[in-house]
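First up is the structure itself, then whatever we jot down about it.
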Amino acid sequence: MMEAEKKVFVVVDPNDDRHIALERALITSKFRSPSPKLVVFVAVDGEAVDTRAINDHLFRDEFWFRDQIRKPVEEAGLECEIQVCWSSDWQAAIIQESKRSGAEMIYLPVHAKTTRRFTFAESKWQVLKKAACPVVLIRPGAHDKRKVVLAAVNFQADKDKQRQLNKQIVQRAKYIASNYGAELHFVNGYLDSMLYPDRGALAKETGVEADRIHVKQGYTDEVVAGVASAIDADLVVMGTLNQLGSTGTLLRGNTAERVIGALDVDVMVCNEFTTTK
């Protein structure tokens, strides 16, 4: 049976002057064999963009699509289809269309930090927590290669959801490392010495060499950022759980937000709904 064509769902905001998610997709896709097809999703993030008519960046003609999307994709030797979305429900449209297109991952651009504390608009958290495939947060200035992959896990977890998420992270990290021929590392931070992670179980589950397993005491964000810097990681794979607040709405995920904010590299986020292809 012929294997289904792999697709990467790339979000492009026409308001932006530079399309970092598309730039990264053009580079990383060429590292894979066969190269995936790109689904370029053009949509305006209403929470981050001035959508009034006085914003002339919201008006794009056929030459913009040719020069900003078609031409770079063709020059990279890749194929793409372009979807244009005018729904005001930006996050739901991304979740729905990435699933409909059968995408194996979503490339979502993240703008440079404007304050010391990293923050995400609620719409982006909805994408991270509800997407049916992993979401890769593309950072400006981050590495454009995929030679060192670091996966952050929590093997001392006692909840079934967290254990299942660990499996998702391990499977996805191994899949990515295999696709790019990358060096794969795992990190597990812990605070309480009584909850020291089972290093043997971690080695058995991941199948990597002992020197690529990093078990360190400290806050998760500081541990993950420290190891990522030490091994010069190109991509960090992590997870986030779908926890409900008292009003029945999804909680943002403080730990996940701190980890993402502590990193300057691309971050792949899995949730409990994501599956490996």
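The values are calculated or read from the model by the stated rules, or taken from the named source; none is laboratory data. All of these numbers come straight from a predicted model, not from anything done at the bench. Don't worry about glycine lacking a Cβ; one is built from the backbone with ideal geometry, like all the others, and counts go over all protein chains shown. Side chains included, ligands, DNA and RNA excluded: accessible areas come from the protein's heavy atoms. Shrake-Rupley method; radii C 1.70, N 1.55, O 1.52, S 1.80 Å.
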Subset tally (residues that are open to solvent by 80 Å² or more (accessible area, probe 1.4 Å) and in a loop (DSSP other than H, G, I, E, B)) for segment 1-31: 7
Flag for VAL136 being in contact (Cβ under 8 Å) with a residue 24 or more places away in the chain, over 28 Å from HIS19 (Cα atoms) and either hydrophobic (A, V, I, L, M, F, W, C) or not assigned by the TED database to the domain that holds GLN96 (or both): no
Residue selected from segment 97-123 under the condition more than 20 Å from ASP13 (Cα to Cα) and at pLDDT below 90, by the criterion surrounded by the most Cβ atoms within 10 Å (Cβ to Cβ): PHE118
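Name the residues in segment 222-252 that are part of a loop (DSSP other than H, G, I, E, B) and either modelled with pLDDT of 95 or more or outside the structural domain of PHE155 (by the TED database) (or both), would you? Can you show your working first?
We begin by selecting, within segment 222-252, every residue part of a loop (DSSP other than H, G, I, E, B); these are 232-234, 240-243, 245-249, 251-252.
Within segment 222-252, ASP232, ALA233, ASP234 qualify.
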Which numbered condition ARG66 misses (of (1) exposed (fewer than 14 other Cβ atoms within 10 Å of the Cβ); (2) under 18 Å from VAL269 (Cα atoms)): (2)
Subset of segment 44-82 [of a type outside the set (Gly, Ala, Ser), farther than 23 Å from GLU122 by Cα and within 23 Å of the chain's Cα centre (by Cα)]: GLN68, ILE69, PRO72, VAL73, LEU78, GLU79, CYS80, GLU81, ILE82
Residue check, PRO34 touching an Asp or Glu at 6+ places or on another chain (Cβ under 9 Å), free of Cβ contacts under 8 Å to residues at least 60 places away in the same chain and open to solvent by 80 Å² or more (accessible area, probe 1.4 Å): yes
Residue count, segment 78-96 (criterion: in a strand (DSSP E or B) and surrounded by 21 or more Cβ atoms within 10 Å (Cβ to Cβ)): 1
Sole exception among (1) under 26 Å from HIS185 (Cβ atoms); (2) in the same structural domain as ASP45 (by the TED database); (3) over 13 Å from the mean Cα position of the chain (by Cα) for GLU104, by number: (3)
Within segment 182-229, tally of residues that are free of Cβ contacts under 8 Å to residues at least 24 places away in the same chain and farther than 16 Å from ASP266 by Cα: 9
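Condition first: more than 20 Å from GLU104 (Cβ to Cβ) and of a type outside the set (S, T, N, Q). Can you find one or more residues in segment 174-184 that meet it?
Initially, segment 174-184 is screened for residues more than 20 Å from GLU104 (Cβ to Cβ), giving 183.
Subsequent filtering for residues that are of a type outside the set (S, T, N, Q) retains 183.
Yes, segment 174-184 contains a residue that is more than 20 Å from GLU104 (Cβ to Cβ) and of a type outside the set (S, T, N, Q).
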